[in-house]
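Q: Once you've had a glance at the structure underneath, I'll fire off some questions.
Just so it is clear, none of the values below were taken in a lab; they were calculated from the coordinates. Remember, predicted model here, so these are calculated numbers, not experimental data. Every residue, glycine among them, receives a Cβ derived from its backbone with ideal geometry; neighbour counts consider all protein chains shown.
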Amino acid sequence: MRAGGGFSWGVRATLGGVSLALAAGFLGGWAAGGGVRSVAGFPSPSGAHSHDEGGGVPLTEAGRRVAAGLKCPCGCPDLLLSCGCANVRGAIEVKRLIMESLANGRSETQARIELINRYGAAIQRVGR
């Protein structure tokens, strides 16, 4: 401190820089911890898009064979069998469609073709 009771400019600049760094760190931690998501109203990762196997729609063995190797068409990077998202055009919708197709007498191949016709070739995993 100076004799007059105030801090020198160097000390003020250092304290200002430290305060700014702390504020940026707290803000970054809050954003990374999901604070922005809760304030901005983004969908919860555990809500509409869950990764529980099946997403509440049980698939028969035939249904699992139809879904094997397909991607969730909602735009997430997950495979259909491991995704349980309730998004529009999401895994739950597709799994219900698979089960309805099979229940209506369509073969596994016909059910898969119906999915590709409805959701596009992008539902197929790359390399298949």
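Q: List every residue whose amide H lies under 5 Å from the amide H of Gln124, counting only residues 5 or more places away in sequence or on a different chain, with H placed 1.01 Å from N in the peptide plane.
A: Distant-sequence amide H within range of Gln124: Lys71.
Q: Using the Cβ atoms and a cut-off under 9 Å, what net charge is assigned to the surroundings of Val66, where Lys and Arg are +1 and Asp and Glu are -1?
A: Taking every Cβ under 9 Å from that of Val66, the sum is +2.
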